[in-house]
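J.: The structure that follows is given in the form of structure tokens.
The values are calculated or read from the model by the stated rules, or taken from the named source; none is laboratory data. For clarity, every value in this text was computed on a predicted model and none was experimentally measured. Remember, those area values only see protein heavy atoms, side chains included, never the ligands or the DNA or RNA. Shrake-Rupley method; radii C 1.70, N 1.55, O 1.52, S 1.80 Å.
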Amino acid sequence: KISLPKTHIPELDDMFSYMQSECEKNNIEFILKLNNDINYMLENIIPKNKLETLIGDLLRNAIIAINHSKNEYKSIMAILGIKDNFFEFCVHDSGVDFEISTLLKLGTEPATTHKYSGGTGIGFITTFETLDYCNASIIINENPKSTNNYTKSIIIRFDNNHDYIINSYRADEISNSNNINRTIIVNDIKI
């Protein structure tokens, strides 16, 4: 078992350790990177219990997505800390893409791509409640198959912007399917 870097916050270290063992049970590589001390983040931006729930929900979702993928590369990389002057939590995974209908409903109602195999969609309701509470943004990056071993990443950025951003090679399809006129910033990634 690879020893993980430590946040020195027992609840978070326990959560990462637990998720590492869940990944091992599913033959998924688990990589954790910590950038900077996160004490300021916990004292000023997000309560520890909310961050712990956020981490657990996003990592569980990544495991489910990988277990539904035919991709032989099975890996999750979680990064917690500061990037571009903002605290963020980012999860890269090699699992299946979101269904477009799921992306459009994410956080507004229980929405899951895996309702027949344990996904409830409740995790993202909680995630969006946390985004509301912290005025944070969610950024979903969908990578074209040829460019990256990781198919997608989900970034929770504590930037006070409260945006929902999707960067995707399916940008047109996502925008054209948004018949609920939800405010989503959709950017095209060229293949």
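J.: Report for the chain the percent antiparallel among DSSP-assigned beta bridges with both residues inside it, nearest 5.
T.: 60
J.: On to the next question. Can you give me the long-range amide H partners of His68? Hydrogens built in the peptide plane at 1.01 Å from N, cutoff under 5 Å, separation of 5 or more residues or another chain.
T.: Amide H neighbours of His68, under 5 Å, 5+ apart: Val96.
J.: What relative contact order, as a whole-number percentage, does the chain give when Cα pairs under 8 Å and 6 or more residues apart are counted? Can you show the working numbers first?
T.: Values: 340 pairs, mean separation 31.5, N = 191.
So the answer I get is 16 percent.
J.: Then there's this: Could you state the accessible area per residue of the range 1-49 in Å², with a 1.4 Å probe and every protein chain left in place?
T.: Value for the range 1-49: 62 Å² per residue.
J.: Any idea how far the Cα center of the range 33-95 sits from the one of the range 125-154, in Å?
T.: Each part's Cα centre sits 9 Å from the other's.
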